[in-house]
Amino acid sequence: MNGRSLVYGDGQGDEAQSSSDCAYGYTTLVETVLPMQVDCVAWCRKLRWVVAIGAYQLDAGNSSNRVGRVYLLVLKPNGDRESGEHEYVTSVLEEVSTSGVLDLKWEPLEENLLGVATSSSITIFRLDFENGLPILEKHKEVILEDNIMALYIEWIRPNRVLIGDSGGSVQIYGLTDSDSLVCMESKKFHEYLVWVIHYDSRTDTIYSGADDGKFFAFYSKDINTSAKHVVKKFDVGVTSITTYKDYLAVGCYDDNLRVYSQVAGEMKPTLTMKTVINLGGAVWRTIWIPEKVFLPGNSSEEQDEYLIIGAACARNGIHIVRINTTDWSSGVVLSCNEHLGPLAYGFDIRVNQDDKSFTIASCYFDSHLFHVWDVKKETIGVL
């Protein structure tokens, strides 16, 4: 085990222990413990090595009050190369107090806006600079009704966001010239908490999943036309949804990742089940890794198409799954299991500039832990 010095705030952080992890197929760059429970993370691809992290916990003095923070961190090499490893430290650039943060996402085009879903509001921060350093400035905000929490946020255009809330509704908010956000569409699809929503810009399709076990898919123009909604009912809550090309992945509390093919139709999409993969923990977040995949030793003529999905699986760590789209066989090709036990809720993947590796930022709710680790593409069979 190699001790790595980690910087939090003023530089007087905790000493964290971390292995080189080479035997596991990845390399830990940094681990640090933040003051609050952390549940979501998003790389800022506009600024290399800058990441936003959301925190959520109950107020120690009032258990009915949820408090949170948005951390803006930067990773920097620590200058120590004696070990031959690439070691990093984290420094907090910004720390914004909010109500409990449930989700956050950077606007995907310009990446200068950060949307944050909290236990009492929807807040849009603008990325700015002060004395040459990035900071977050509150740009727009709307306060939600009493007892309603924004659980998930998704950008659908540079000036619109999708929200899934604790009342079972899916909403579209527009960014206007005022300081607030305007609710443009709202429909109650679910009986319980909407844990996940997803937007596929390629087909203009919105997806939602919730604690009631229901999954919805519909074109954005048909949000209020029930006859044009795809509805599936699972035995347990739906916790993650993501799409890539003609494929859809749905994660649930029952530890299963379900993969579908999807075909756009005139009225609504058509979904066909392809495979079910048990990952040993509730599949809380999923991200497609859009790469061409090969199997070592096969010639290019013999190569099948493969899909790669990263999944954060609650108390069973984070896994990378490879799926053969010819026979739909699948397997876990890499696992980060060193933090089993604490809830693995949030993670994000960034492809590095060298195009030979990607870096995963993950956070663990119970332990307040933020973990950054590097994976070589060749480790999981990526060409």
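Table: residues versus (1) of a type in the set (D, E, K, R); (2) free of Cβ contacts under 8 Å to residues at least 60 places away in the same chain.
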| position | (1), (2) |
| --- | --- |
| ASP327 | yes, yes |
| TYR345 | no, no |
| ASN352 | no, yes |
| CYS363 | no, no |
| VAL372 | no, no |
| LYS377 | yes, no |
| ILE380 | no, no |
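Report, by residue number, each residue of region 119-151 that is within 19 Å of the chain's Cα centre (by Cα) and of a type in the set (Phe, Trp, Tyr). So that I can check it myself, show each step before the final result.
Going through region 119-151, the residues within 19 Å of the chain's Cα centre (by Cα) turn out to be 119, 122-125, 149-151.
Correct list: PHE125 only.
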* Asked: Do the conditions hold for ILE323, that is, is it at pLDDT 90 or above and in contact with a strand residue (DSSP E or B) (Cβ under 8 Å, 6 or more places away or on another chain)?
  -> yes
* **Pairs with Cβ under 7 Å, 6+ apart, first in region 213-230 and over 15 Å from TYR199 (Cβ atoms), second assigned to a helix (DSSP H, G or I)** => LYS228/ASP222
* Filter result (surrounded by fewer than 23 Cβ atoms within 10 Å (Cβ to Cβ), part of a strand (DSSP E or B), among the β-branched types (Val, Ile, Thr) and modelled with pLDDT of 95 or more) within region 207-242 -> THR242
* Options SER300, SER201, SER261: the member that is of a type in the set (Gly, Ala, Ser), at pLDDT below 90 and surrounded by fewer than 18 Cβ atoms within 10 Å (Cβ to Cβ) -> SER300
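Could you list, in sequence order, all residues of region 90-110 that are within 19 Å of the chain's Cα centre (by Cα) and surrounded by 18 or more Cβ atoms within 10 Å (Cβ to Cβ)?
The answer is GLY100, VAL101, LEU102, ASP103, LEU104, LYS105, TRP106, GLU107.
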* Asked: So LYS245 fits all but one of (1) surrounded by fewer than 16 Cβ atoms within 10 Å (Cβ to Cβ); (2) under 23 Å from ILE153 (Cα atoms); (3) touching a Gly at 6+ places or on another chain (Cβ under 9 Å); (4) of a type in the set (D, E, K, R); what number is the exception?
  -> (3)
* To do: Tell me which residues, restricted to region 168-192, are part of a loop (DSSP other than H, G, I, E, B) and surrounded by fewer than 19 Cβ atoms within 10 Å (Cβ to Cβ).
  => THR176, ASP177, SER178, ASP179, SER180, GLU191, TYR192
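The values are calculated or read from the model by the stated rules, or taken from the named source; none is laboratory data. Here the structure is a predicted model, which means the values were calculated and not measured. Note that we place each Cβ from the backbone using ideal geometry, even for glycine, and neighbour counts take in every protein chain shown.
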